[in-house]
1. Just wondering, is there one or more residues in segment 96-119 that are without any contact (Cβ under 8 Å) to a residue 60 or more places away in the chain, part of a helix (DSSP H, G or I) and within 17 Å of T76 (Cβ to Cβ)?
2. Identify the single condition in (1) outside any loop (DSSP other than H, G, I, E, B); (2) surrounded by fewer than 20 Cβ atoms within 10 Å (Cβ to Cβ); (3) at pLDDT below 90 that C160 does not satisfy, given that it satisfies every other one.
3. Identify the residue in segment 59-91 that is hydroxyl-bearing (S, T, Y) and more than 15 Å from the chain's Cα centre (by Cα) and, among all such residues, is nearest to F2 (Cα to Cα).
4. Looking for whichever is loosely packed, with under 15 Cβ neighbours inside 10 Å and among the hydroxyl-bearing types (S, T, Y) here; the options are T76, T82, T102. Which one fits?
Amino acid sequence: MFLRMFIWVVMLLGGSVLSLWLDWRWAHTLLVSPPFHLVTLVAGVFLLRWVLQVSRHTGRLLARQGREGNIPRMETNRLVTTGVYACMRHPMHWGLLFFPWTVALILGSPFFIAVVAPLEMLFMLALIRFVEEPEAIRKFGVAYREYQQQVPMFSLRLSCLRQLSGQAPAQGASDDSTI
């Protein structure tokens, strides 16, 4: 857990410093443009609010349903397959995927927005696919394999997206897009 948090901090701080340095060298006009910063700041604040809301909601679900007995905080020992976890396997990660882009928008760094944040998001997807998924398989075995077959890693269904932040699912939502 500590290693993952360290990687996050390095990604966000390193990406911020690198991006601001590159912006200063090549995108100086946008870097000092008040209208650009106002637009990105407002978008970043709204996105940050959503990311935090999704993290809080999905984290509470895991804390309530994914823990049995006396285990360390932020650990789970039960597979959660209800609520938003019934329509996507990694709802908390779906929200957190947008955190690098949130930081980029708040900083108003064109290079971070256009290059570094998307690369960090791809790196996070790779971590989910090649680290989180195998860990879940080792922890929950056949039950997780069956869950993988029934539920996509991420879903763009409107009812699913509404559940991410704790809103009630849409009645009769028919958008079945999944990732």
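The values are calculated or read from the model by the stated rules, or taken from the named source; none is laboratory data. Predicted model, so just to flag it, every value in this text is computed and none were measured. Please note: Cβ atoms are built from the backbone with ideal geometry, for glycine as well, and neighbour counts cover all protein chains shown.
1. Yes, because at least one residue in segment 96-119 is without any contact (Cβ under 8 Å) to a residue 60 or more places away in the chain, part of a helix (DSSP H, G or I) and within 17 Å of T76 (Cβ to Cβ).
2. (2)
3. We begin by selecting, within segment 59-91, every residue hydroxyl-bearing (S, T, Y); these are 76, 81-82, 85.
Now restrict to residues that are more than 15 Å from the chain's Cα centre (by Cα): 76, 81-82.
Values: T76: 16, T81: 26, T82: 28 Å.
Ranking the candidates gives T76 first.
4. Numbers: T76 fails: loosely packed, with under 15 Cβ neighbours inside 10 Å; T102 fails: loosely packed, with under 15 Cβ neighbours inside 10 Å.
None of the others qualify; the one that does is T82.
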